[in-house]
Amino acid sequence: RFAASMAEELPQILVPESYEEYTSRRVLVSEWIEGEKLAQSTASDVGDLVNLGVICYLKQLLEMGFFHADPHPGNMIRTPDGRLAILDFGLMAEIDNEIKYGMVEAISHLIHRDYEAIVYDFVTLEFIPPG
């Protein structure tokens, strides 16, 4: 469902096809994607791809509630045609609407420097216990 959503809404994002018939609980087998690590690329569009990655992850967290939970530099590459490929979907996570709402609230409170409210957001997000 992740790949279908990205293909439709963010076509600049490339998600490799997974081969379920060869995949097990411990091994994920997916399509090979040519490219260079985004962090090592000297292409002029790297900044745009980084921004696209931020948009992609915000969309995953705040809209879909289903997200790639291993976003490190080795899992993001720039393809020869200038797209951002996100690799290694072996670790995915799902969050409910209350947590999504809590994240939106926390981001808003951070932007507005409402630090008192962030404490309550952290309770909603279950970072800290109530009280």
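The values are calculated or read from the model by the stated rules, or taken from the named source; none is laboratory data. This structure is a prediction, so every number in the text was calculated from the model and none was measured. FYI the Cβ positions are ideal-geometry reconstructions off the backbone, even for glycines, and counts take in every protein chain you see. Just the protein is used for accessible areas: all its heavy atoms, side chains included, with ligands, DNA and RNA removed. Shrake-Rupley method; radii C 1.70, N 1.55, O 1.52, S 1.80 Å.
Structure above, values below:
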quantity	calculated
Every pair of residues 6+ apart whose Cβ atoms lie under 7 Å, when the first sits in the stretch 88-101 and is free of Cβ contacts under 8 Å to residues at least 24 places away in the same chain while the second is among the charged types (D, E, K, R) and surrounded by 11 or more Cβ atoms within 10 Å (Cβ to Cβ)	LEU91/ASP70
Residue selected from the stretch 19-39 under the condition in contact with an Asp or Glu (Cβ under 8 Å, 6 or more places away or on another chain) and surrounded by 14 or more Cβ atoms within 10 Å (Cβ to Cβ), by the criterion modelled with the lowest pLDDT	LEU28
Residue match in the stretch 114-127 (condition: outside any helix (DSSP H, G or I), touching a helix residue (DSSP H, G or I) at 6+ places or on another chain (Cβ under 6 Å) and closer than 25 Å to SER41 by Cβ)	no
Strands (runs of 3 or more DSSP E) wholly inside the stretch 40-112 containing at least 3 residues that are within 20 Å of GLN12 (Cα to Cα) and open to solvent by 40 Å² or more (accessible area, probe 1.4 Å)	none
Selected residue [of a type outside the set (Asp, Glu), in contact (Cβ under 8 Å) with a residue 40 or more places away in the chain and out of contact with any strand residue (DSSP E or B) (no Cβ under 7 Å at 6 or more places or on another chain)] from VAL123, VAL119, VAL104	VAL104
Criterion violated by PRO80 - all others in (1) within 24 Å of ASP96 (Cβ to Cβ); (2) over 16 Å from the mean Cα position of the chain (by Cα) satisfied	(1)
Pairs where the first residue, in the stretch 16-34, is in a loop (DSSP other than H, G, I, E, B) and the second is hydroxyl-bearing (Ser, Thr, Tyr), C-beta under 6 Å, 6+ apart	PRO16/SER30; VAL29/TYR19; VAL29/TYR22; VAL29/THR23
Residue match in the stretch 89-108 (condition: over 20 Å from MET64 (Cβ atoms), modelled with pLDDT of 90 or more and under 21 Å from the mean Cα position of the chain (by Cα))	no
